[in-house]
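Here is the structure we will look at, set down as structure tokens.
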Amino acid sequence: MTSIREQFGRDDWTRFTPKQKLTRWGILVGCALAIVWALSSIRVVWAWVWGAPEQIGDLFGRMYPPDPTNLATILKVLWDTVNIATFATAFAVLLSLPVAYIAAQNTTPNRATLWLGRLILVTSRSVNTIIWALLFVAIFGPGVVAGIVAIMFRSVGFIGKLLGEAIEEIDKRPVEALEATGASRFKVIVYAIIPQVMPTFWAVAILRWDINLRESTVLGLVGAGGIGIILQGAIDTFNWPEVATILLAIIVLVILGEVVSAFLRRRIL
Amino acid sequence: MSTPRDTWSKPPFIANPVLRWTVYLGVIAYFGWVGLTMPIDWNRVAAGIERAGRIFGGAFPPSFERSGLLIDGFLESLKIAILATAGGVVLSIPIAFMAARNIVPLPVFYLGRAIIIVARSFHPVIVAIVFVKAVGFGPFAGVLTLIIYSIGFVAKMLAERIEEIDFGQVEALRAAGAPYLSTLFYAIFPQIMPRQIGLTIYQLDSNLRASAVVGIVGAGGIGATLANAFGRYDYDFALAITIVIVAVILLSEAVSGIIRKRIQ
């Protein structure tokens, strides 16, 4: 039987070798230094920090009880919010189909289209919805159009990327079988590629709709329609009880969205 | 007996024809009706093409003249992301334990889940507005916002990982008479640590992105600089900021991808 000394070069068991320990401590010290650097140089009024719990408590105190007098308007705008999310998701899904097709290595016609597809995906995903919204509010003016286009621009990258990856992972044999029978490119897509990526397609579309519902609740803050507009209005006029109602309405909407998308996922997939 | 056919056709998406047409008509009715009743000012939309031309004309070439402002904004975003990740991860560990069904009693589990659901329900921008009103403009509101944002994600994923742990090790330590803390440190933490580190790196990346957005409502960082540039019609500076944001996000995505690959 080998002794512990022969096996590990020491008499007692330890989890890490000295070198591993050194690396681990090095990383920990590095993290600590980053935190210290951030804490010491950040532009913060520390008096506000110490007063924060009291201020936040005061704010919630003012929000209670929620004021439902404008509930009818809130529900109407909430409906607009749902519509923005749904329309934007629908358009984004349609737009992302060709993008996913050219961004997948096994279906893209040539290298130039592959890079074009990837460029579209990266640009779309790297810019946040709110930043897209700022741009489209400047272009189209405040309103739902800016919101729909902003969410659409953001979603194309997300849906296209996941769908493109699904296309890259398909089983090649159905494609080859159809090509061997002399089927046209269009028929190959419809009968060999689409059926294979269909489950991913629906899963991604439902997931993105759920995300878009959340995103569309804030579009109004930069003027792009939806519940955010009246939220901003209520905050600007210090109408805290109404803010509380709006926030509750948003929670309910988001939870409902999750329930609906969970239901759809179960039914379709 | 069904009649034999000469040609094969694709089976329909939904087998039941009544249900199928109800769904199709319902979808068409929804899009048609909502599309027509949506409050859209088409004149303004039509004017958008011309305005887009003016904006893009004004944005090119991007102006890096005020790069000092740009760098300051970014450093502030980075600091916000670091502090929020540290705070969020530290807070999310106890919350994740509370929300793991296999280690806590049911009432504690519900409390933990409730905290996670509330933290996840609100978009960071909404949380940011509330904090800006409560603690004033600036990066502190951004840090608080992103702490909540981090808890919503990290605690949720970590709780799921804790629910999947191998309970044999916990039982072994308990059988040896180990106290609660020892069980935690020697049986549970080693099992969840790799996931925790991966989540932390992912969250740092995610917080860096989000910190660009919360700034738009006054919570500090590069977003504040961007919103100001937009507000003053400095489209060339706004484009420069956007380009740098995209570059930084791609860079941080690449770096965090490399680190996560090395850990696994």
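The values are calculated or read from the model by the stated rules, or taken from the named source; none is laboratory data. Here the structure is a predicted model, which is why all the values come from computation and not from measurement. Because the Cβ atoms are built from the backbone with ideal geometry, glycine has one as well, and the counts that use them run over all protein chains shown. We work out accessible area using only protein heavy atoms, side chains counted, and drop any ligands, DNA or RNA first. Shrake-Rupley method; radii C 1.70, N 1.55, O 1.52, S 1.80 Å.
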Complete set of residues in the stretch B:160-209 that are within 27 Å of B:L75 (Cβ to Cβ) and acidic (D, E): B:D205
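If only one of B:L250, B:L226 is within 18 Å of the chain's Cα centre (by Cα), facing chain A (nearest Cβ under 9 Å) and of a type outside the set (S, T, Y), which one is it?
B:L250
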Criterion violated by A:Q232 - all others in (1) touching a helix residue (DSSP H, G or I) at 6+ places or on another chain (Cβ under 7 Å); (2) more than 18 Å from A:V260 (Cβ to Cβ); (3) assigned to a helix (DSSP H, G or I); (4) touching a residue at least 24 places away in the same chain (Cβ under 8 Å) satisfied: (4)
Residue list for the stretch A:223-251, restricted to those being of a type in the set (A, V, I, L, M), in contact with a Leu (Cβ under 9 Å, 6 or more places away or on another chain) and open to solvent by 30 Å² or more (accessible area, probe 1.4 Å): A:I229
Index of the failed condition, B:G177 passing every other in (1) modelled with pLDDT of 90 or more; (2) assigned to a loop (DSSP other than H, G, I, E, B): (1)
The stretch B:186-197, subset more than 14 Å from chain A (Cβ to nearest Cβ) and either at pLDDT 90 or above or in contact with a helix residue (DSSP H, G or I) (Cβ under 6 Å, 6 or more places away or on another chain) (or both), residue most open to solvent (accessible area, probe 1.4 Å): B:R195
Identity of the residue in the stretch B:223-248, free of Cβ contacts under 8 Å to residues at least 12 places away in the same chain and touching a Ser or Thr at 6+ places or on another chain (Cβ under 9 Å), that ends up farthest from B:F56 (Cα to Cα): B:A247
Output for the stretch B:164-187, where each listed residue is among the acidic types (D, E) and within 17 Å of B:G198 (Cβ to Cβ): B:E164
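Assess whether A:D12 counts as being surrounded by 11 or more Cβ atoms within 10 Å (Cβ to Cβ), of a type in the set (D, E) and modelled with pLDDT under 85.
no
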Residue list for the stretch A:161-178, restricted to those being closer than 18 Å to B:W8 by Cα and surrounded by fewer than 15 Cβ atoms within 10 Å (Cβ to Cβ): A:A177
Counted residues, the stretch B:249-264 - those being at pLDDT below 80 and either surrounded by 11 or more Cβ atoms within 10 Å (Cβ to Cβ) or touching a Ser or Thr at 6+ places or on another chain (Cβ under 6 Å) (or both): 2
Residue identified as more than 10 Å from every other protein chain (Cβ to nearest Cβ), open to solvent by less than 30 Å² (accessible area, probe 1.4 Å) and free of Cβ contacts under 8 Å to residues at least 24 places away in the same chain among A:T113, A:T108: A:T108
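Yes or no, residue by residue, for (1) closer than 30 Å to A:A192 by Cα; (2) of a type in the set (V, I, T):
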{"residue": "A:V77", "(1), (2)": "no, yes"}
{"residue": "A:A103", "(1), (2)": "yes, no"}
{"residue": "A:P109", "(1), (2)": "yes, no"}
{"residue": "A:S126", "(1), (2)": "no, no"}
{"residue": "A:G141", "(1), (2)": "no, no"}
{"residue": "A:I148", "(1), (2)": "no, yes"}
{"residue": "A:I151", "(1), (2)": "no, yes"}
{"residue": "A:G157", "(1), (2)": "yes, no"}
{"residue": "A:L162", "(1), (2)": "yes, no"}
Flag for A:A192 being farther than 30 Å from A:W132 by Cβ, under 33 Å from the mean Cα position of the chain (by Cα) and open to solvent by less than 30 Å² (accessible area, probe 1.4 Å): yes
From B:T183, B:T200, residue being open to solvent by less than 30 Å² (accessible area, probe 1.4 Å) and at pLDDT 85 or above: B:T183
Near pairs, Cβ below 9 angstrom, 6+ apart or cross-chain, from the stretch B:111-132 (within 25 Å of B:G220 (Cβ to Cβ)) to any residue that is of a type in the set (K, R) and in a helix (DSSP H, G or I): B:A119/B:K156; B:R120/A:R214; B:R120/B:K156; B:S121/A:R214; B:F122/A:R214; B:H123/A:R214
Only listed residue being farther than 19 Å from A:A38 by Cα, surrounded by fewer than 20 Cβ atoms within 10 Å (Cβ to Cβ) and not hydroxyl-bearing (S, T, Y), chosen from B:A176, B:A240: B:A176
Out of B:I165, B:I201, sole residue that is touching a residue at least 40 places away in the same chain (Cβ under 8 Å), assigned to a helix (DSSP H, G or I), over 20 Å from A:F16 (Cβ atoms) and of a type outside the set (G, A, S): B:I201
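Counting residues that are more than 22 Å from the chain's Cα centre (by Cα), which helices (runs of 4 or more DSSP H) fully inside the stretch A:80-178 reach at least 2?
Counting at least 2 such residues, we get A:111-126, A:129-140.
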Residue, nearest to the other protein chains (Cβ to nearest Cβ), within the stretch A:15-72, restricted to residues that are open to solvent by 100 Å² or more (accessible area, probe 1.4 Å) and assigned to a loop (DSSP other than H, G, I, E, B): A:R43
Residues located in the stretch A:130-151, provided they are among the hydrophobic types (A, V, I, L, M, F, W, C), closer than 8 Å to A:A224 by Cβ and more than 7 Å from chain B (Cβ to nearest Cβ): A:A133, A:F136, A:V137, A:A146, A:A150
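Pick out, from the stretch B:43-151, the helices (runs of 4 or more DSSP H) lying fully within it that include 3 or more residues that are at the interface with another protein chain (Cβ under 9 Å from one of its Cβ atoms) and open to solvent by less than 70 Å² (accessible area, probe 1.4 Å).
So the answer is B:67-98, B:124-135, B:139-150.
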Some residue of the stretch B:209-222 being touching a residue at least 12 places away in the same chain (Cβ under 8 Å), part of a helix (DSSP H, G or I), open to solvent by 30 Å² or more (accessible area, probe 1.4 Å) and over 30 Å from B:R66 (Cβ atoms): no
